[in-house]
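**Student:** Okay, handing you the structure first.
No value in this document is a laboratory result; all are computed from the given coordinates. Bear in mind that the values here come from a model prediction, so they are computed numbers and not experimental data. Cβ sites come from the backbone with ideal geometry, for glycine too, and all protein chains shown count toward neighbours.
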Amino acid sequence: MTREPETPPSAEAVLQSLSDQMETAVAGLREARNEEVARQHEYEAARRRAQFSGECPPVGVFGGVRTTVAMQTAWIDGQVAEEKLLWQIARATRQAAATHLKMLRDQASVAQSIGASVRETYRMTGGRP
């Protein structure tokens, strides 16, 4: 909120503005959740492709070379690093969108309290601030 409302109509205007912003934030959160889920599926699919590819090092001793589970996991992680990063970015974006919506709801709650105070002041003073 930029300034406190001084009249009941200005209090209503602040609430309407916050309501409009919350609608936009809800839509943004929905889009961010969809993007996060899509990126998670892409990451998991890429991980499966890497794990079952012919290039993935098998665990065990082959030709005198020993490959551990940790080495195989590190190889797979290296193959899917970009997909994982995109998923992490999408998750952080969704978290930021959720935080923004919560902030707007908190502001609306404060605006409702201020609006109630403004209305009570007007009621007690006969409409004069």
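**Student:** So how do Arg39, Arg48 line up by other beta-carbon neighbours within 10 Å, fewest first?
**Tutor:** Arg48, Arg39
**Student:** What net charge is computed for the residues neighbouring Arg49, neighbours being all others with C-beta under 14 Å from the C-beta of Arg49, Lys and Arg scored +1, Asp and Glu -1?
**Tutor:** Values: positive: Arg47, Arg48, Lys84; negative: Glu42, Glu44, Glu55, Asp77, Glu82, Glu83.
Around Arg49, the surrounding residues sum to -3.
**Student:** Calculate for the chain the 222 nm mean residue ellipticity that helices alone would give, adding -39,500 (n - 2.57) per DSSP H run of length 4 or more and normalising by residue count, nearest 500 deg cm²/dmol. Kindly include the intermediate steps, with their values, before the conclusion.
**Tutor:** Working: 3 runs with 100 residues, N = 129.
Taken over the chain, the calculation gives -28500 deg cm²/dmol.
**Student:** Can you give the relative contact order of the chain as a percent, counting alpha carbon pairs under 8 Å and 6+ residues apart?
**Tutor:** 44 percent
**Student:** Let me ask something else. Could you identify which residue out of Arg49, Arg94, Arg66 has the top mean-square fluctuation in a GNM of the chain using Cα springs shorter than 10 Å?
**Tutor:** Result: Arg66 has the largest fluctuation of those listed.
**Student:** Follow-up. Check each of the chymotrypsin sites (Phe, Trp or Tyr not before Pro) in the stretch 41-70 and keep only those in coil by DSSP with at most 14 other C-beta atoms within 10 angstrom; list them in order.
**Tutor:** Details: sites: Tyr43, Phe52, Phe62; in loops: Phe52.
Listed in order of number, the matching sites are Phe52.
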